[in-house]
Amino acid sequence: MTTAEKFSTTELIVSVAARALAGKDRVFAGVGLPTLAVDLACRTSNPDIELIYESGVCGAHPEAMAEGIADSVVVSGAESVVSMASLFGYVLQGGNVDVGFLGAGQIDRYGSLNTSFIGDWDKPTVRLPGAGGAVEIMPNAGEVFVVMRRHDPSAFPAELDFCTSPSPVRARESGVGIMPRGRGVTKVFTSLGVLSRSGPYDELELTSVHAGVTVDEVRAATGWDLRVSPELTVTEPPSAHEIDLLRNEIDKVRLYLR
C-alpha cells in the first residue's frame, strides 16, 4: 500500500490524533475513536502511553477492540484494576492524567461539550449517551482532546443545545464552584481539520486543514466566526504503515473504522 491510496475520514482523524499523543504520559480515553488513536500511538508515536479506562483499569493493554468500558477485554493484560471511586478520586482528581480523550455531540468555541441531547429540553431531536466520566475528565485532566466525525454548524454551534461538560471559560462565568485545574479542550480532530486552544480561556482556532479542504469551507461549517492561525498547516495524511496497523492489527473486525 502507498500513501497515495485511498483512506477513510476515520483513518485520517485517528492518525492525526495519534501523532498528537507523542510525549504524553497518561491518557484517560473514551471507548471508540479515542481508543483507536491511543492504540495507534502506542505502536507508532508513543510506545510508553499509560492507558486508563473509566471502569477502573489503569495501564490497559486490551487484547482486542473494546465495545464498551465494561467489556472484559479492557482488563486483559492491565497493570492494575481499581474501583471507580479510587480511579476518579486518586488518579483523575489527584491531577495524575495528562490527557482526557473524548467524543461529543456538540462543542462550542471555548471547548464546552454537549453529550446529553440535541434539540429542545422538552422534545429533543436526539438523545445522546449523557455525561459519563466526561464531566470529571474536563476539569481534572491536564488537557482534553476531542474527536468529532462530523464538522458542520449543528456539531459546532454558536450556542450548545445543552452543556454537559463546561469549559474553564464557562466554569469561570458561572461564578460558583471550584475552578478546573486543567486547560480544558486543547485539540479537536474533525473531518475537515484540527482546531486548537492554548490557554484555558482562549477560543478554538483552526490550526490545520486536511488536504483538499479550504479555510472558507471550514469556517462555513462552523457556527461561529472561527479564528484561523497565522501558522495554518495542511494535515499530513496517514502513512501506509498507519493505515495497515489500523486495518489489519488494531481494528480487524471494523468495530470503529468506517
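Kindly state, to the nearest 0.05, the FRET efficiency for S76 paired with D152, given R0 = 41 Å and r defined as their beta-carbon distance. Intermediate values should be presented prior to the final figure.
Details: r = 38 Å, r/R0 = 0.92.
Given R0 = 41 Å and the Cβ-Cβ separation, E is 0.60.
Where in the chain is the longest stretch that carries no chymotrypsin sites (Phe, Trp or Tyr not before Pro) classed as loop by DSSP and with at most 14 other Cβ atoms within 10 Å?
1-120
In segment 1-106, which GluC sites (Glu not before Pro) are in a loop and have at most 16 other Cβ atoms within 10 Å, using DSSP for the loop call?
E5, E63, E67, E79
Rounding to the nearest 20 debye, state how big the charge dipole of the chain is about its Cα centre with +1 on each Lys and Arg Cβ and -1 on each Asp and Glu Cβ.
Details: 22 positive and 33 negative charges, 35 e Å.
Roughly 160 debye, rounded to the nearest 20.
Can you give me the C-alpha center-to-center distance between segment 226-258 and segment 160-212, rounded to a whole angstrom?
Segment 226-258 and segment 160-212 have Cα centres separated by 22 Å.
In the chain, what % of DSSP beta bridges are antiparallel (nearest 5)?
Restricted to the chain, the bridges split so that about 45 percent are antiparallel.
For segment 1-112, what relative contact order do you get, as a whole percent, if you take Cα pairs closer than 8 Å and at least 6 residues apart?
Numbers: 157 pairs, mean separation 27.8, N = 112.
After rounding, I find 25 percent.
Would you mind calculating the relative contact order of segment 154-258 from Cα pairs under 8 angstrom and at least 6 residues apart, reporting the percent as a whole number?
Over segment 154-258, the number comes to 20 percent.
Step through the residues of segment 51-56 one at a time and calculate ³J(HN,Hα) from phi using the Karplus curve (6.51 cos²θ - 1.76 cosθ + 1.60, θ = phi - 60°), rounding each to whole Hz and writing x for Gly and Pro.
So the J values, rounded to whole Hz, are 8, 10, 10, 4, 6, x.
If you only keep lysine pairs separated by 8 or more in sequence, or across chains, how many in the chain come under 30 Å at the Cα atoms?
6
Quick check on the exposure proxy: order D216, D122, D152, D251 from fewest to most C-beta atoms within 10 angstrom. List each step's numbers first, then the result.
Working: D216 8, D122 5, D152 15, D251 21.
So the residues, fewest neighbours to most, are D122, D216, D152, D251.
Only the coordinates and a few stated rules stand behind these numbers; no lab work does. Quick caveat: nothing in here was measured; it's all calculated off a predicted structure. As a convention, Cβ positions derive from the backbone with ideal geometry for all residues, glycine included, and neighbour counts pool all protein chains shown.
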